[in-house]
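The block underneath contains the structure these notes are about, expressed in structure tokens.
The values are calculated or read from the model by the stated rules, or taken from the named source; none is laboratory data. All of these numbers come straight from a predicted model, not from anything done at the bench. We place every Cβ from the backbone using ideal geometry, glycine too, and count neighbours over all the protein chains shown. Protein only, heavy atoms only, side chains kept; ligands, DNA and RNA dropped before computing areas. Shrake-Rupley method; radii C 1.70, N 1.55, O 1.52, S 1.80 Å.
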Amino acid sequence: MVANEQAARPAPVVVVMGVSGSGKTTIGALVADARSVPFVDADDLHPIDNVKKMAAGTPLDDEDRWPWLDIVGRRLQEAEESGEGVVMACSALRRVYRDRIRATAPSTIFLHLHGSLEVLTARIEGRSGHFMPPALLSSQMETLEALTEDETGYVLDIGQSVEQMIDEALPALQSIRDEMPRG
């Protein structure tokens, strides 16, 4: 693709997905910075009732998630339509949740941060100031449905350094974007 064709394409719309502790915020912010697009943490879009429920140690059910996923989808759609682009950290654990997001923002690329339970537990136990208690990790791991071949995305192993993850993610996302039909 020549430079002027690439410049004519809208900025990327990427969801960095995975369970709590996988590095969605860190990797998402770095990908956004590298692509010169805004970064949004979907946790900041949760209705207050969802935040209170999670802080109390109660997993969200689908009835709690639908309004939040609709907000996420609208924010992605706005970034897509404006051409501004965005990278968003969002758990997007189940296929039906990703489908809900794609129903509103169909050009979304999912970057799935995947890792072992041991690595994830250590990360969660080492952080402070986050409303997701470590006890809910097993619930998230049970809920997680990996990306399937018919979903636009890339799986990234979190068992490597942040630098290695970014060095792998950026060209993978660009390649996916280059292969997407232009609308």
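Solvent-accessible area per residue in the chain equals 49 Å², computed with a 1.4 angstrom probe and all protein chains kept.
Assign unit charges at the C-beta atoms only (+1 for Lys and Arg, -1 for Asp and Glu), then state the dipole size of the chain relative to its Cα centre in Debye, rounded to the nearest 20. Kindly include the intermediate steps, with their values, before the conclusion.
Numbers: 17 positive and 29 negative charges, 50 e Å.
Dipole size: approximately 240 debye.
Amide H contacts under 5 Å for ALA89: VAL16, VAL40, ASP41, ALA42, restricted to partners 5 or more places along the chain or on a different chain, H placed in the peptide plane at 1.01 Å from N.
Using alpha carbons only, the radius of gyration of the chain set against its Kirkwood radius gives Rg/Rh = 0.95.
The value of relative contact order for the chain, using C-alpha pairs under 8 Å at least six residues apart, is 32 percent. Tell me, what % of the accessible area of the chain is carbon and sulfur with a 1.4 angstrom probe? The computed percentage sits at 51.
Considering only GLY28, GLY57, GLY115, the Gaussian network model of the chain with Cα springs below 10 Å gives its largest mean-square fluctuation to GLY57.
With the simple spin-label model, which puts each label point 7 Å out from Cα in the Cβ direction, the THR152 to SER36 separation comes to 2.2 nm.
With r as the distance between the Cβ atoms of ARG74 and SER175 and R0 = 35 Å, compute the FRET efficiency 1/(1 + (r/R0)^6) and round to 0.05. Kindly include the intermediate steps, with their values, before the conclusion.
Numbers: r = 28 Å, r/R0 = 0.79.
Result of the calculation: an efficiency of 0.80.
What you get for the range 7-96, charging only the Cβ of Lys and Arg (+1) and of Asp and Glu (-1), is a dipole of about 280 debye around the Cα centre. Calculated FRET efficiency, SER138 and LYS52, Cβ-Cβ r, R0 35 Å, to nearest 0.05? The value I calculate is 0.95.
GNM remark for the chain: springs join alpha carbons under 10 Å apart, and the peak mean-square fluctuation among GLN77, GLN140, GLN164 falls on GLN164.
Based on DSSP H segments of at least four residues, each scored -39500 (n - 2.57), the chain has a per-residue ellipticity at 222 nm of -15000 deg cm²/dmol.
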